[in-house]
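Have a look at the structure below, then the notes.
The values are calculated or read from the model by the stated rules, or taken from the named source; none is laboratory data. As the structure is a computational prediction, the values presented were derived from the model and not from experiment. Methodologically, a virtual Cβ is constructed for each residue, glycine included, from the backbone with ideal geometry; neighbour enumeration extends over all protein chains shown.
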Amino acid sequence: MTDTPLKLFNSLTRELEEFTPVHPGEARVYSCGPTVYNYPHIGNMRAYVFADVLGRTLSWKGYKLTHIINITDVGHLTDDGDAGEDKMEKMAAANAQSIWDIARHYTEAFWADVKALNIREPAKWSVATDYIDEMIDFAKGIADQHCYELDSGLYFDVSTVADYGRLARAVTEEGEGRIETVVGKRNAADFAIWRKTPAGETRQMEWDSPWGKGAPGWHLECSVMGEKLLGFPFDIHTGGIDHREIHHPNEIAQNQAFCGCGGLSEATNSGAKIWMHNNFLVERSGKMSKSSGEFLRLQLLVDKGYHPLAYRMMCLQAHYRSELEFSWDGLGAALTRLKRIVMAVENLKARHAELGSASISLPAQWTLKQVQGDGMGMFRDLFVTFDEAMSDDLNTPIALTLLEQVLAKKKVSPEKKLEVVSAMDSIFGLDLLNLTRTDLRIRPRDAAITEDEIEAELLRRKQARAAKDFATSDAIRDSLAAAGVEVMDGDPLGWEWKL
Ligand SMILES: Nc1ncnc2c1ncn2[C@@H]1O[C@H](COP(=O)(O)OP(=O)(O)OP(=O)(O)O)[C@@H](O)[C@H]1O
Ligand SMILES: [Zn+2]
């Protein structure tokens, strides 16, 4: 079994490129983290499911992964194009709360979603406000050659770096279609790397700097944390596709400036070699946003009876570069698919136990080398195809169908199949060896009936049917229906009821 080279789509070149690590055997990845002014919506979480699958694939390929995800607790304005208010300050003012409390609360809410979605912990969650000194140093290093000061702050002059905005393309082709809100900017696309607190005002978050009291710009934060924690150049930088237009071009411009001033090649050094972007999760009405009517948080899905991993399955069913439209039907279909797989795995575990075999110990994260070493018998070719799919810019939709092919194979020992499922799940992260059908049967929050009551009623109905008392059996069915429970006779999954 040969290794297929890992190819990833680089937004910088708009081409698939073979992954060749900067440091042999290692993969260093930085993902733009959430701005913790509100709960994440499930669209935000798509960005971290994607980054997680990327990280798992790099581990699968045998690279020692260092993944950094930051927490933006200062500096992100309501408009990415350098206008508006700081999102954190605005939320704190609206709630008359301290920014630090807001940041703590929403960071914890984000981490809860990360855990529920079985996203692996990064090597570090880097918090922006922990790096203020480093941000000031970085800005000092590039200020003379690349920045100018206005009353409102220190601005980056985008004309001082080669080929500004090449990542965004559309923006440059349209002649930098940015909002020009600050008087005195040299170019429309120039952006503040340090924002001074306006005279006579105080902010909850502000620090002294050579350019006066103020706060760092959002773009500066990611440049600095990437450089400090991973070193330039590192391998891969990820984010949602909106970052391709403003945030990442600005990060790249700062990185070029930093490398130029530091004696590294300014023209070619973008900080990271590969820039990857997940497409949006959209609602029929457009891009999912925190301000839209029904706020689609992961918890809302759970309240309606959908397990968080059904949402992860929904993400995996689409390629990360395609737009994914959210619908409750789509989520329901993903849940059904997950149930089928989980029930098949439960059957395998039961058969394995019946055979009286010893419990099997399986690695939490498999590598391709381990699979190759194991041989995998009749699944060898399937694994070649599986590895090809994941090596082809993380083609999870194809890889999922291969998992189902494994489960459908006849005349294989349950032990072998469990091993194969475990190896493939190292990439899917669906927790398939632990998840049970009971876990997946979440009672919607507004349901008026408990599981025990449902089970008791169903037992009574079974007895009535056995006694050919169809009147009673139908009456029970109707009363369950009135309580919102659909009895599913003959469901191929053996799922007796759903709410
Ligand atoms: N609908 C979406 N689908 C996929 N990824 C998204 C979506 N919306 C935002 N993202 C990504 O989620 C990550 C976290 O974003 P962040 O917390 O900065 O959100 P935001 O921009 O404040 O939220 P909003 O969606 O309300 O604009 C970023 O990588 C961003 O690109
Ligand atoms: Zn960022």
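Numbers for the structure displayed
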item: Residue list for segment 413-466, restricted to those being at pLDDT 90 or above, charged (D, E, K, R), under 30 Å from Gln370 (Cβ atoms) and more than 24 Å from the chain's Cα centre (by Cα); result: Glu415, Lys416, Lys417, Glu419
item: Test set (1) more than 11 Å from ligand 1 (Cβ to nearest atom); (2) part of a helix (DSSP H, G or I); (3) at pLDDT 95 or above - Gly260 fails condition number; result: (3)
item: Candidates Phe19, Phe50, filtered to the one that is within 14 Å of ligand 1 (Cβ to nearest atom) and either within 30 Å of Gly377 (Cα to Cα) or surrounded by 15 or more Cβ atoms within 10 Å (Cβ to Cβ) (or both); result: Phe50
item: Near pairs, Cβ below 7 angstrom, 6+ apart or cross-chain, from segment 368-391 (in the same structural domain as Glu415 (by TED's automatic domain parsing)) to any residue that is among the charged types (D, E, K, R) and part of a helix (DSSP H, G or I); result: Leu368/Asp387; Gly377/Lys416
item: Which numbered condition Leu8 fails, given (1) in contact with a strand residue (DSSP E or B) (Cβ under 8 Å, 6 or more places away or on another chain); (2) away from ligand 1 (no atom under 16 Å from the Cβ); (3) under 20 Å from Gly240 (Cβ atoms); (4) without any contact (Cβ under 8 Å) to a residue 60 or more places away in the chain; result: (4)
item: Number of positions in segment 320-370 that are surrounded by fewer than 11 Cβ atoms within 10 Å (Cβ to Cβ) and either among the acidic types (Asp, Glu) or within 13 Å of Leu440 (Cβ to Cβ) (or both); result: 2
item: Residue tally, condition within 22 Å of the chain's Cα centre (by Cα) and more than 12 Å from ligand 2 (Cβ to nearest atom), over segment 228-257; result: 7
item: Any pair with Cβ under 7 angstrom, 6 or more apart, that starts in segment 252-266 at a residue that is within 17 Å of Leu12 (Cα to Cα) and in the same structural domain as Tyr30 (by TED's automatic domain parsing) and ends at one that is surrounded by 14 or more Cβ atoms within 10 Å (Cβ to Cβ) and acidic (Asp, Glu); result: Gln256/Glu266
item: Near pairs, Cβ below 9 angstrom, 6+ apart or cross-chain, from segment 113-125 (assigned to a helix (DSSP H, G or I)) to any residue that is loosely packed, with under 15 Cβ neighbours inside 10 Å and acidic (Asp, Glu); result: Val114/Glu121; Lys115/Glu121
item: Contacts under 6 angstrom Cβ, first residue in segment 210-234 being closer than 15 Å to Gly141 by Cβ and in the same structural domain as Asp73 (by TED's automatic domain parsing), partner part of a helix (DSSP H, G or I) and within 16 Å of ligand 1 (Cβ to nearest atom), 6 or more apart; result: Ser223/Glu251
